[in-house]
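The values are calculated or read from the model by the stated rules, or taken from the named source; none is laboratory data. Note that the structure is a prediction, hence the values are computed from the model and not measured. When we count neighbours, we look across all protein chains shown, and the Cβ atoms used for this are built from the backbone with ideal geometry, even at glycine.
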Amino acid sequence: MPSTTTYERGEVVVVNVPFSSPTGSKPRPALVASAQAFHGKLLDVIVCPISSQPRYYKKPGPGDLRLEHWKDLGLRHPSTVRISNIVAVEKKLIRRVLGTLHADDLARVAQGLRQAFGL
C-alpha cells in the first residue's frame with residue numbers, strides 16, 4: 001500500500017541512503033528529486049544524496065552540484081548534491097524533513113537533472 005506521507009520536490013530529507021556496496025545504509029541528507037505528482041501513489045521517492053565530503057565540494061565532478069545555501073538547511077558543512085548518485089528509496093526510510101532547498105540551488109539542480117537525462 002502506498003504511503004500517505006507526501007514529499008515535495010526540492011525538500012531536503014534525512015533518509016537511510018544505501019551504500020554503493022550491498023553492506024547497508026546510513027542516515028544522510030538527500031534532496032527529493034521527483035515530483036509529488038509522480039511519486040504520490042508509489043512506495044518510493046527519487047532522491048539525490050547530499051554529501052559533505054570536501055572532495056565533492058572543493059572540486060565537483062560531473063554530476064556533483066555545490067549548494068550555495070547549505071547553511072539555510074541547517075547543514076553543518078559545505079555540501080554537494082550528488083546528481084550522479086540518484087536513487088529511489090522507500091518513503092518509510094525517510095526520517096524527517098530538514099527544509100526546502102533555496103530556489104537558486106533548486107534551479108541549478110533541475111538544470112543538472114535535465115543534462116543527466118538529456119532533456
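Every residue, every condition in (1) out of contact with any Ser or Thr (no Cβ under 8 Å at 6 or more places or on another chain); (2) outside any loop (DSSP other than H, G, I, E, B); (3) β-branched (Val, Ile, Thr); (4) over 27 Å from Leu43 (Cα atoms), yes or no:
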residue	(1), (2), (3), (4)
Lys92	no, yes, no, no
Val97	yes, yes, yes, no
Ala110	yes, yes, no, no
Leu113	yes, yes, no, no
Ala116	no, yes, no, no
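Scanning the range 29-60 for residues that are touching an Asp or Glu at 6+ places or on another chain (Cβ under 6 Å) and not in a loop (DSSP other than H, G, I, E, B), which turns out nearest to Thr6 (Cα to Cα)? Write out each step before concluding.
Here is the first cut: in the range 29-60, the residues touching an Asp or Glu at 6+ places or on another chain (Cβ under 6 Å) are 32, 36, 43-44, 56.
In the following step, the residues that additionally are not in a loop (DSSP other than H, G, I, E, B) were identified as 32, 36, 44, 56.
Working: Val32: 11, Gln36: 7, Asp44: 11, Tyr56: 30 Å.
Result: Gln36.
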Filtering the range 29-69 down to residues that are under 15 Å from Arg96 (Cα atoms) and in contact (Cβ under 8 Å) with a residue 60 or more places away in the chain yields Pro29, Leu31
Among residues of the range 1-27, those that are within 14 Å of Ala88 (Cα to Cα), part of a strand (DSSP E or B) and at pLDDT below 90, counted:
4
From the residues in the range 61-84 that are part of a strand (DSSP E or B) and not acidic (Asp, Glu), which one is nearest to Gly10 (Cα to Cα)?
Val81
